[in-house]
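Worksheet: one structure, shown below.
The values are calculated or read from the model by the stated rules, or taken from the named source; none is laboratory data. Source: prediction; values computed, not measured. Glycine also receives a Cβ, built like all others from the backbone with ideal geometry; neighbour counts cover every protein chain displayed.
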């Protein structure tokens, strides 16, 4: 047996870039390699021998060097198809790529597919040039992250071009100075002479060198949105997506890849988030050599964008976040980015008003008098905003009529919206209003005037959902009409808040205004129309707080957050279910984005009875409000509501803008917990929840996170004080009367119980 010994030469070199906000984008001309880095991550790509772009590395920051070409591995493999006649090693099937095409030796799913006039689907995007910009450019017509100063980020734009068609693609990479954030998007420009059709145009393509990951997606259905689902990556394809015309209750446009040993607080994690509200696809393809290709972008099924000479197509933005310190740090990075550099406007950094919504209190059965009684009681409790939900317009007394007729029903509101808004404001509360601008009933004046304004296929039955139909927002005249009606209401009444609902998916996706060869554009044009309407309304009424809602959680995605800084998290307001829904949502979305209400008990969606205290203890961790008639509560409960409202006012800045930590998962335990810590670490609030009561249970401790180790904290209701290191390493004692045989004097434990712990630095 022969043993080969290879000498390793150790050279003293400078330390890696680990200080401050060291951020740079370097192009090494000699090896045609780009290195994007800050003090946490590196992203390295190169120009391959065939002129296309290859992926070399993405992960924890490494020092820059002149030549990374050693990272490109090639070898001759059986059955490989090779690019060059003279090179048996160079096959795209076995090379990690930046923006892959199909049909030229790579047999995996492509990032882009272009159909020529002759029917060919073959492309060859060759490197042309690059430029580096300070800050981050916006994306025309699309939501995206942004910067407020040029030193926050740098952007690399690499231009590649297909020599046959003349189609150019600008690949945009933005690295932020702070944290492990890299954003991606692509801009196509038809610089050729022929008309092309984009049938696949992903925002992100990245090939990882191995498949040793667990895939976590966030899936569910109406009333049980964003449950984490975990599986091991295997050879083949796994994906999440939507073909509903919106991001959907069923699958969220967010996926995590984590190493099997990683958990909430340690190990490598990569989060992929698509800033888009329409049909999407996030996919992992593991080949038989265990390379993993991640694709994220507009779902290619049914997508076909006609691109004429000199026309441009911009893909949505995809965001990648890397952490080597577990899922909590990844989540906190997303939270800060989306809270501060995706959400915009007047309400971005402001504490959100505590509201009461009349929907579950009255449904369609209300009069102005009844609404004012609810508002008066809410004012007594300290609530700040009254929201009038569905049923105020047209002939809307049920789900069958009225949608599209955005004028007040004078039988219910004798003085219109302006009148009731004035009365609510005189009570001492702000006034908010519900709209569902994207939908129409057949029984409406708008439909009778414009029956061709709905999405419907010629000679086909039009499906209904909740007896309503989807307006064709790919048409400017439709968006203009809805804008004028909404703007008229908002400009003639004192309105501080808009709840924007969307209660059905798109079916029969066909626009009467587009020719046959552009019908593949309708889904995308539709969501661009939604974005346009949001942009116009938020621009004209900048101090109105917009809350997006799509049957609760049907469009809870980053695209909406760009226009509306908070979203109705789910129609299910049951506290126990909300722990799961808000816990799952927190993997990507900040607490300030989660609309969360205390509803009636038994809950309308589940018929479960939960204590009023638990309903509040869950709803605090969001924007907070009530969805019930306070007049129907007992005197004791009304007093409790006043205490809850006062508590939220005292701690909402901490809750909505502090650092959030997941501690115990409701998907794995009977008990669950989370906490939020102030930026200066002088305050913390811990929420603990138990689904079912236990008999003679073990003693329990909860390991806290994010505190200052050397700071001494007092805990409200506890005569002892505790140092931060004690609370994080020994734990907070959470044992109660269930640990043993309950005595008469004990506080009785119960199902669906909860407790809050308030920590303050001494």
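A quick yes/no check of all residues on (1) farther than 30 Å from residue 516 by Cα; (2) without any contact (Cβ under 8 Å) to a residue 60 or more places away in the chain; (3) surrounded by fewer than 24 Cβ atoms within 10 Å (Cβ to Cβ):
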| residue | (1), (2), (3) |
| --- | --- |
| 276 | no, no, no |
| 296 | no, no, no |
| 305 | no, no, yes |
| 324 | yes, no, yes |
| 348 | yes, no, yes |
| 353 | yes, no, yes |
| query | Under the condition of being at pLDDT 95 or above and under 17 Å from residue 756 (Cβ atoms), which residue from region 717-730 is nearest to the chain's Cα centre (by Cα)? | reply | 727
| Leading residue by the ranking (farthest from the chain's Cα centre (by Cα)) among those in region 21-41 that are assigned to a loop (DSSP other than H, G, I, E, B) and more than 22 Å from residue 325 (Cα to Cα) | 30
| task | Scan region 173-187 and give yes if some residue there is outside any loop (DSSP other than H, G, I, E, B), more than 30 Å from residue 504 (Cβ to Cβ) and more than 23 Å from the chain's Cα centre (by Cα), otherwise no. | result | no
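Yes/no per residue for (1) in a loop (DSSP other than H, G, I, E, B); (2) over 20 Å from the mean Cα position of the chain (by Cα); (3) under 26 Å from residue 60 (Cβ atoms):
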{"residue": "277", "(1), (2), (3)": "yes, no, no"}
{"residue": "294", "(1), (2), (3)": "no, no, yes"}
{"residue": "300", "(1), (2), (3)": "yes, yes, no"}
{"residue": "306", "(1), (2), (3)": "no, yes, no"}
{"residue": "333", "(1), (2), (3)": "no, no, yes"}
{"residue": "336", "(1), (2), (3)": "no, no, yes"}
| Candidates 56, 45 - the one that is in contact with a helix residue (DSSP H, G or I) (Cβ under 6 Å, 6 or more places away or on another chain), modelled with pLDDT of 95 or more and under 18 Å from residue 208 (Cβ atoms) | 56
| task | Kindly indicate whether any position in region 517-534 is within 22 Å of residue 394 (Cα to Cα) and either surrounded by fewer than 21 Cβ atoms within 10 Å (Cβ to Cβ) or in contact with a helix residue (DSSP H, G or I) (Cβ under 8 Å, 6 or more places away or on another chain) (or both). | result | yes
| query | Taking residue 511, is it surrounded by fewer than 22 Cβ atoms within 10 Å (Cβ to Cβ) and in contact with a helix residue (DSSP H, G or I) (Cβ under 9 Å, 6 or more places away or on another chain)? | reply | no
| request: Could you tell me whether region 426-435 includes any residue that is in a helix (DSSP H, G or I) and more than 17 Å from residue 449 (Cβ to Cβ)? | output: yes
| message | Based on this model, can you work out whether residue 459 counts as surrounded by fewer than 21 Cβ atoms within 10 Å (Cβ to Cβ) and not in a loop (DSSP other than H, G, I, E, B)? | response | no
| request: Give just the number: which of (1) in contact with a helix residue (DSSP H, G or I) (Cβ under 9 Å, 6 or more places away or on another chain); (2) more than 30 Å from residue 57 (Cα to Cα) does residue 323 not satisfy? | output: (2)
| remark: The residue from 491, 548 that alone is without any contact (Cβ under 8 Å) to a residue 60 or more places away in the chain, out of contact with any strand residue (DSSP E or B) (no Cβ under 7 Å at 6 or more places or on another chain), assigned by TED's automatic domain parsing to the domain that holds residue 428 and over 21 Å from residue 450 (Cβ atoms) is 491
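Here is a yes/no grid of residues against (1) assigned by TED's automatic domain parsing to the domain that holds residue 222; (2) in contact with a strand residue (DSSP E or B) (Cβ under 8 Å, 6 or more places away or on another chain); (3) surrounded by 14 or more Cβ atoms within 10 Å (Cβ to Cβ); (4) over 30 Å from residue 376 (Cβ atoms):
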{"residue": "430", "(1), (2), (3), (4)": "no, yes, yes, no"}
{"residue": "434", "(1), (2), (3), (4)": "no, yes, yes, no"}
{"residue": "444", "(1), (2), (3), (4)": "no, yes, yes, yes"}
{"residue": "448", "(1), (2), (3), (4)": "no, no, no, yes"}
{"residue": "452", "(1), (2), (3), (4)": "no, no, no, yes"}
{"residue": "468", "(1), (2), (3), (4)": "no, yes, yes, yes"}
{"residue": "475", "(1), (2), (3), (4)": "no, no, yes, yes"}
| Limited to region 539-592, what total is found for residues that are part of a loop (DSSP other than H, G, I, E, B) and under 23 Å from residue 257 (Cβ atoms)? | 7
| said: Residue under question is residue 261, and the condition is that it be farther than 21 Å from residue 548 by Cβ, surrounded by fewer than 24 Cβ atoms within 10 Å (Cβ to Cβ) and free of Cβ contacts under 8 Å to residues at least 24 places away in the same chain; does it hold? | reply: yes
| task | Return yes when residue 267 is touching a helix residue (DSSP H, G or I) at 6+ places or on another chain (Cβ under 6 Å) and without any contact (Cβ under 8 Å) to a residue 60 or more places away in the chain and no when it is not. | result | yes
